[in-house]
Amino acid sequence: FVNAQTFDFRNFNVEDGLAQSQVLSMCQDRHGNIWFGTNSGGVSKYDGNKFTNYTENDSLVNNVVFSIAEIKNGNILFGTNGGLSVFNGKTFKNYTDKTGLPHSRVFKIMQDNNGTVWLGTSKGVCNYINGKIVPFTMDTLLSKSNIFTIYCDQSNNIWFGTIENGLIKYNATTKRFSYFTKETGLRNNFVRSIGEDIQGNIYVGTVSG
């Protein structure tokens, strides 16, 4: 006979307190809270029992939240359609293109193995260092690219997935860049996700394979 598999799904929606039903990003903080970034509803924090929501009315810089990351000092960073919000547990500090960001759309936040915080925007990359935005301008193509995702591999190479210019690899040791596009074998120049297996192989998810 065949054993039917059963899966224990528990669903959450706006009726349960989630700010909005389209979830674009998630992050678990050091206290076990799960943060959900939504597509125009702001941010929801779930503590296992209830949701607490934060929106532009609470000083979040924008209600479309593409990326969430907790950094080493415990602050939660939110990459949004209108800038970067840094939450210290009580208040938000916001950054836009008028206060140092190369572009106000922040698709991705990533902290690498050394603790450096990388921000991928619609016009290049910057670092968040000690509360300040520091532009990363070592590569011309990277600086003008629309950055959708960022990944740090086991060797601390930083991989940037762009919307139109393929994949860019930065070797932090040699300070050299490598470029991968459709012309050199990449499936598509719009890179949406990057991952790595236990052998160190890099997997690149594009819009067409």
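The values are calculated or read from the model by the stated rules, or taken from the named source; none is laboratory data. Here the structure is a predicted model, which means the values were calculated and not measured. Cβ coordinates were reconstructed from backbone atoms using ideal geometry, including for glycine residues, and neighbour counts include every protein chain displayed. Just the protein is used for accessible areas: all its heavy atoms, side chains included, with ligands, DNA and RNA removed. Shrake-Rupley method; radii C 1.70, N 1.55, O 1.52, S 1.80 Å.
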Checklist outcome for this item: Over the stretch 134-180, the set of residues of a type in the set (Gly, Ala, Ser) and loosely packed, with under 13 Cβ neighbours inside 10 Å is Ser155, Ser178
Checklist entry - Quick one: would you say Ser40 is modelled with pLDDT of 95 or more and under 21 Å from Tyr128 (Cα atoms)? => result no
Item to check | Pair list, Cβ < 8 Å and 6+ apart or interchain, from the stretch 5-20 residues that are exposed (fewer than 10 other Cβ atoms within 10 Å of the Cβ) to residues that are assigned to a loop (DSSP other than H, G, I, E, B) | outcome: Asn13/Ser21
Checklist outcome for this item: Of Gly161, Gly205, Gly195, the only residue that is closer than 27 Å to Thr99 by Cα, under 17 Å from the mean Cα position of the chain (by Cα), among the small types (Gly, Ala, Ser) and at pLDDT 95 or above is Gly161
Checklist entry - What are the residues in the stretch 112-133 that are assigned to a strand (DSSP E or B) and open to solvent by less than 60 Å² (accessible area, probe 1.4 Å), if any? => result Val117, Trp118, Leu119, Gly120, Thr121, Gly124, Val125, Cys126, Asn127, Tyr128, Ile133
Item to check | Every residue from the stretch 64-74 that is on the phi < 0 side of the Ramachandran plot and open to solvent by less than 30 Å² (accessible area, probe 1.4 Å) | outcome: Val64, Val65, Ser67, Ile68, Ala69, Ile71
Checklist entry - Ser44 fails exactly one of the following numbered conditions: (1) buried (at least 20 other Cβ atoms within 10 Å of the Cβ); (2) without any contact (Cβ under 8 Å) to a residue 24 or more places away in the chain; (3) more than 19 Å from Thr149 (Cα to Cα). What is the number of that condition? => result (2)
